[in-house]
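> Structure provided below as structure tokens; questions to follow.
Read-outs: derived from the displayed coordinates by stated rules, not from any lab. Predicted model, so just to flag it, every value in this text is computed and none were measured. Counting neighbours? That spans all protein chains shown, and the Cβs are built from the backbone with ideal geometry, glycine included.
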Amino acid sequence: MIELSARVKTMTSSPTLKLVQIKKQLQSQGKVILDFGAGEPDFSTPDNIKNAGIEAIRSNFTKYTPTSGIAELKKAIRASYLAEQGVEAKDSQIVVSPGSKYGLFILLQAVVNPGDEVIVPLPYWVSYPEMVKFCGGSVIHADHLQSQPRFELTAASYISRFSPRTRAVIVNSPSNPTGKVMSSMQLAELIAFFHQKNVLIIVDDCYRKIMYADEAYPSPLALLPGAREQVAVVSSLSKTYAMTGWRLGYSITSESLAAAMTKIQEHSTSNPCSISQKAAVEALSGDQGAVRSMVEEYRRRRDYFARRVDEIGHIPYALPDGAFYFFADFSHYIQKKKFQDDNQLAMDILEKLNIILVPGSAFGAPNHLRISYATSLQDIREGLGKLETYLKS
Ligand SMILES: Cc1ncc(COP(=O)(O)O)c(C=O)c1O
């Protein structure tokens, strides 16, 4: 048997991607599954974007491209970032990657040495700890489970975990799994502190265009212009434009960091898919009407969810400000049903109701469940009806 590397042995599989496999298995047995586990929009990629991809194939735009992305896409990224956040970036600061997940991966590979500490939010998106460990780094938690108000993303939670070994901090706003957004005041305080400590501030804003609050998304690159070199923004087209399968994300960092990331990408994936890059140009520069409609629909679902969860009762949660997840505390029902933990509750719900929910333990938050509302209102109505009967029985 081939001996695996020590690095990969410490890595665990993605619990959310495992659920996708379970779903396919159950469906192949003829079961009708209500999927509230999905981390991707239930909408199709808008037609104008699909057509740009088709046109790219027709015109033979199907070869290698520059490693960090084509000039036309970088121009579209610069223009949309300037219009949205008032920040001018240079092409040499932008790295387009096959998904923001890969962008984060190469960013961490470029800065984290064995023994370094990286502060990640708790609850966390499942891949952060695995990526940090893969670099030989240690994961330190900025705890938002104890926050008041519930799940609030605070600067203090990061600052209190600083040590001389801290190399980077990851802010995820809007957050997966809580949907919480870090306020501009908190973000400015965080950036000011870590900038002064020479620590890289990574902001994963892949849900930033899926927001329900009226105030504008605070721009990490504009808040403290003097700290800009120290801030790395990682963005995605996956969620905003329902393009998860196209694998397209981008980072805006300092030029030296972008050059380092480009080197890693050069020797690992060469470049992001040429066809997806053309589609991304249309996504960013074309009509944004589809995005507005999707966000409106998510908002309707979120509000319906909140109302129904209140009616069921004993499920504390914080109303999400963005993204498309409800993260709630199911301790009451775990105890009532005499289950050991959230994993057992989620498994029982899957077996008895054919409903997929993600156990909070996957995000470092036992006794919670993540419920995605990237699924139709009709399924949400049906699923919550079944869940209410089950929980109250
Ligand atoms: C917080 C967060 N960051 C990054 C990603 C990666 O998205 P993608 O690689 O599709 O751009 C996801 C996907 O679920 C996510 O939830």
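> So if I place +1 on the C-beta of Lys and Arg and -1 on the C-beta of Asp and Glu, and nothing else carries charge, what would the dipole magnitude of the range 212-300 be about its Cα centre? I want it in debye, nearest 20.
Using Cβ point charges on Lys, Arg, Asp and Glu, the range 212-300 gives about 220 debye.
> Let me ask something else about it. If one takes the longest principal axis of the Cα atoms in the chain, at what angle in degrees, from 0 to 90 and to the nearest 10, does the Cα axis of helix 274-285 lie?
Here the helix axis deviates by roughly 80 degrees.
> Output the Cα-based Rg and Dmax of the range 1-131 in Å, rounding Rg to one decimal and Dmax to a whole number.
So, for the range 1-131, Rg and Dmax equal 19.7, 55 Å respectively.
> Hey, another quick one. Of LYS101/LYS197; LYS18/LYS133; LYS9/LYS180; LYS9/LYS386; LYS90/LYS197; LYS24/LYS386, which sit over 30 Å apart, Cα to Cα?
Listed pairs above 30 Å: LYS9/LYS180; LYS9/LYS386.
> Defining a contact as two alpha carbons under 8 Å apart and six or more residues distant in sequence, what relative contact order in percent does the range 42-164 show?
Working: 101 pairs, mean separation 18.4, N = 123.
Taking the mean separation of contacting Cα pairs over the length of the range 42-164, I get 15 percent.
> Taking all pairs of distinct Cα atoms, average 1/r, flip it, and tell me the Kirkwood hydrodynamic radius of the range 185-292 in Å to one decimal place.
On the way: mean 1/r = 0.0642 Å⁻¹.
Mean inverse Cα-Cα distance, inverted, gives 15.6 Å.
> Here is a follow-up. I'd like to know which of PRO46, SER285, PHE363 lies farthest towards the positive end of the charge dipole of the chain, counting +1 on Cβ of Lys and Arg and -1 on Cβ of Asp and Glu.
Towards the positive end, the residue furthest out is PHE363.
> Helix 184-196 against the longest principal axis of the chain: what's the angle in degrees, Cα atoms only, rounded to the nearest 10?
The helix 184-196 is inclined about 50 degrees to the chain.
> Something else now. Where does each of LEU350, LEU369 land when they are ranked from fewest to most other beta-carbon atoms within 10 angstrom?
With the sparsest Cβ surroundings first, the list reads LEU350, LEU369.
> OK, next. Where the centroid of each part is defined by its Cα atoms, how far is the range 180-248 from the range 259-281 in Å?
That distance is 21 Å.
> On to the next question. Would you report the distance distribution of C-alpha pairs in the range 129-173 as whole percents per 10 angstrom bin, up to the bin with the largest distance?
Over the range 129-173, the share of Cα pairs per 10 Å bin runs 25, 51, 23, 1 percent.
> Summing Lys, Arg as +1 and Asp, Glu as -1, what charge do residues with Cβ under 13 Å from the Cβ of ILE201 carry, ILE201 excluded?
Counting the neighbours of ILE201, the net charge comes to -1.
> Assign unit charges at the C-beta atoms only (+1 for Lys and Arg, -1 for Asp and Glu), then state the dipole size of the chain relative to its Cα centre in Debye, rounded to the nearest 20. Working shown, then result.
Numbers: 43 positive and 39 negative charges, 140 e Å.
For this selection, approximately 680 debye.
> Using a simple charge model, +1 on the beta-carbon of Lys and Arg, -1 on the beta-carbon of Asp and Glu, nothing else, what dipole does the range 63-285 show about its Cα centre, in debye to the nearest 20?
Details: 20 positive and 18 negative charges, 82 e Å.
So the dipole magnitude of the range 63-285 works out to roughly 400 debye.
> Which three numbers, in whole Å and largest first, are the semi-axes of the equivalent ellipsoid of the range 127-242 derived from its Cα gyration tensor as √(5λ)? Mind showing how you got there, number by number?
Values: eigenvalues 86, 56, 49 Å².
Whole-Å semi-axes of the equivalent ellipsoid: 21, 17, 16.
> I would also like to ask the following. All other residues with a Cβ under 14 Å from the Cβ of VAL132 taken together, and with Lys, Arg as +1 and Asp, Glu as -1, what is their net charge?
Combined, the nearby Lys, Arg, Asp and Glu give +2.
> Any idea what angle helix 100-111 forms with the longest principal axis of the chain, computed on alpha-carbon atoms, 0 to 90 degrees, nearest 10?
Computed tilt is about 60 degrees.
> Which shape class applies to the range 249-393: rounded if a/c is under 1.5, otherwise prolate when a/b exceeds b/c and oblate if not, where a ≥ b ≥ c are the square roots of the Cα gyration tensor eigenvalues?
prolate
> Please report the relative contact order for the range 135-294, taking Cα pairs under 8 Å with a sequence separation of at least 6, and give it as a percent rounded to a whole number. Don't skip to the answer; put the middle values down first.
On the way: 198 pairs, mean separation 24.7, N = 160.
So the answer I get is 15 percent.
> When a footprinting reagent is the concern and you count Cβ atoms within 10 Å, what order do LEU353, LEU190, LEU145 take, fewest first?
Sorted ascending by nearby Cβ count, the order is LEU353, LEU145, LEU190.
> Next question, about the same structure. Round to a whole angstrom and tell me the spacing of the C-alpha centers of the range 81-117 and the range 315-338.
32 Å
> Sorting check: for 289-297, 201-209, 54-62, which peptide has the highest mean count of neighbouring beta carbons within 10 Å, and how do the rest follow? Don't skip to the answer; put the middle values down first.
Numbers: 289-297: 15.3, 201-209: 24.8, 54-62: 12.3.
Ranked from most to least packed, the peptides come out as 201-209, 289-297, 54-62.
> In nm², what is the average projected area of the convex hull enclosing the Cα atoms of the chain?
Numbers: hull surface 81.4 nm².
Over all viewing directions, the chain projects a mean Cα-hull area of 20.4 nm².
> Using alpha carbons only, what's the Rg to Rh ratio of the range 63-285 with Rh from Kirkwood? Don't jump to the answer; show the numbers that get you there.
Numbers: Rg = 16.3 Å, Rh = 17.3 Å.
Rounded to two decimals, Rg/Rh equals 0.94.
> Another question, then. Contact order normalised by length for the chain, with contacts defined as Cα pairs under 8 Å and 6 or more residues apart; what percent is it?
23 percent
> Listing ARG381, ARG78 from the residue with the fewest other Cβ atoms within 10 Å to the one with the most, what is the order? Please list the in-between numbers first.
On the way: ARG381 13, ARG78 19.
Taking fewest neighbouring Cβ atoms as first place, the list is ARG381, ARG78.
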